[in-house]
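What follows is a single structure, written as structure tokens, with notes after it.
The values are calculated or read from the model by the stated rules, or taken from the named source; none is laboratory data. The structure presented is a predicted model; accordingly, all values stated were derived computationally and were not measured. Glycine gets a Cβ as well: all are built from the backbone with ideal geometry, and neighbour counts include every protein chain shown.
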Amino acid sequence: MNARSLTAALSAVRTPGMDSTIQGSLYTLARNVRQLANAQLNRRRARKITELSDHELFDIGLTRDDVRYGFSMPFNADPTAELARRARQNSFF
């Protein structure tokens, strides 16, 4: 499902006349599917960071342990958010 079809699905969910409980449930389901898809896409893109050397990781404020921890999170979690948080945290040391 791409962004356009998901947007179309979300707007279809908001049609007047539907029972509000069903409408809310469908909207929540669509939002959760979109978040899962984004997390998986970001996880796939962030895999390239595992190929960096320790020196390159240090340049962007990460350690090898930070990367391992970021990718040990559940599959539905976005590792890029954790990696960004750790990079910010490491920049203060």
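Side notes on the structure shown:
- Each residue in segment 62-80 was checked for being within 20 Å of the chain's Cα centre (by Cα), within 18 Å of S91 (Cα to Cα) and part of a loop (DSSP other than H, G, I, E, B), and 1 of them qualify.
- Any pair with Cβ under 9 angstrom, 6 or more apart, that starts in segment 55-69 at a residue that is at positive phi and ends at one that is in a helix (DSSP H, G or I): G61/R86; G61/A87; G61/R88; G61/Q89; G61/N90
- Condition check for Q40 on (1) in contact with a Phe, Trp or Tyr (Cβ under 8 Å, 6 or more places away or on another chain); (2) not in a helix (DSSP H, G or I): one failure, at (2).
- Selected residue (only one of R88, R34 is at pLDDT 90 or above and either in contact with a Lys or Arg (Cβ under 8 Å, 6 or more places away or on another chain) or exposed (fewer than 11 other Cβ atoms within 10 Å of the Cβ) (or both)): R88
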